[in-house]
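Presented below is the structure to which this report refers.
What follows draws every value from the coordinates through simple rules; no lab data is involved. Only a predicted model underlies this, so the values are computations on that prediction, with no experimental measurement involved. Reconstructed Cβ throughout: ideal geometry from the backbone, glycine too, with neighbour counts over all protein chains shown.
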Amino acid sequence: MFEGASSLSVDAKGRIAIPTKYRAALVEAAQGKLHITRHFQEDCLLLFPENEWVQFRERVAAWPMSAAWQKRIVLSNALGLDMDESTGRVLLSPELREAAMMGKEALLLGNGSHFELWDKGVYTAKEALARQQPLPAALQDLVF
């Protein structure tokens with residue numbers, strides 16, 4: 001459902017504006033109700049429409065005890081958000097902004113059912129590093 005990358009600004013109050021191209025789908029799918037949380041491994045945030053969050057939360061809750069810390073990171077940092085339908089703005093908590101090292105420039109990445117929200121500088125650095133690494137074995141025979 002969601003794909004592509006969008007550059008966003010984080011205002012002084014910690015708000016971002018969801019790009020226009022996604023707003024109608026978010027209102028239709030979840031009446032503008034969103035959930036945001038920390039990624040358990042990456043320095044980014046995960047943003048879900050409410051209907052997708054419910055399914056994701058159930059999968060996370062079923063993780064084994066060996067993943068207790070990862071489960072804790074995802075579930076204890078989750079917040080419900082209401083998107084302003086006219087402006088598309090949502091407020092990011094100071095705690096989540098700090099966890100994602102979020103500055104004034106952000107990048108919203110569509111990942112099918114949800115989004116990743118990155119600080120633009122953090123993402124750029126991680127992408128550059130990833131591009132220098134050898135391809136994973138599963139992708140070595142991939143042809144475009």
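Straight-line cross-link reach from residue 120 at under 17 Å between alpha-carbon atoms covers these lysines, not counting any fewer than eight positions away in the same chain: 104. The charge dipole of the range 52-135, taken about its Cα centre with unit charges on the Cβ of Lys, Arg, Asp and Glu (plus for the first two, minus for the last two), comes to roughly 340 debye. Couplings 3J(HN,Hα) for the range 21-34, derived from phi with the Karplus relation 6.51 cos²θ - 1.76 cosθ + 1.60 (θ = phi - 60°), are 4, 9, 4, 4, 5, 5, 5, 5, 6, 9, 6, x, 8, 10 Hz, where x marks Gly and Pro. Take the alpha carbon atoms of the range 16-30, find their center, do the same for the range 67-102, and report the distance between the two centers in whole angstrom. Their Cα centres are 17 Å away from one another.
Simple point charges give the picture: +1 on the Cβ of Lys and Arg, -1 on the Cβ of Asp and Glu, and for the range 2-126 a dipole about the Cα centre of about 180 debye. Karplus-derived 3J(HN,Hα) values for the range 14-19, using 6.51 cos²θ - 1.76 cosθ + 1.60 with θ = phi - 60°, are x, 9, 10, 10, 5, x Hz; glycine and proline are entered as x. Helix content alone sets the calculated 222 nm mean residue ellipticity of the chain: runs of n ≥ 4 DSSP H residues at -39500 (n - 2.57) each, divided across all residues, give -10500 deg cm²/dmol.
For residue 13, a cut-off of 17 angstrom between C-alpha atoms picks up these aspartates and glutamates, skipping any fewer than 8 places away in its own chain: 82, 84, 95, 98, 105, 119. Note: relative contact order over the range 2-126, using C-alpha pairs below 8 Å and six or more positions apart, is 39 percent. Between 25, 62, 100, the residue with the greatest mean-square fluctuation in the GNM of the chain (Cα pairs under 10 Å linked by springs) is 62. In the chain, a dipole from Cβ-located charges (positive for Lys and Arg, negative for Asp and Glu) runs towards its positive end, and of 65, 19, 136 it is 65 whose Cα lies farthest in that direction.
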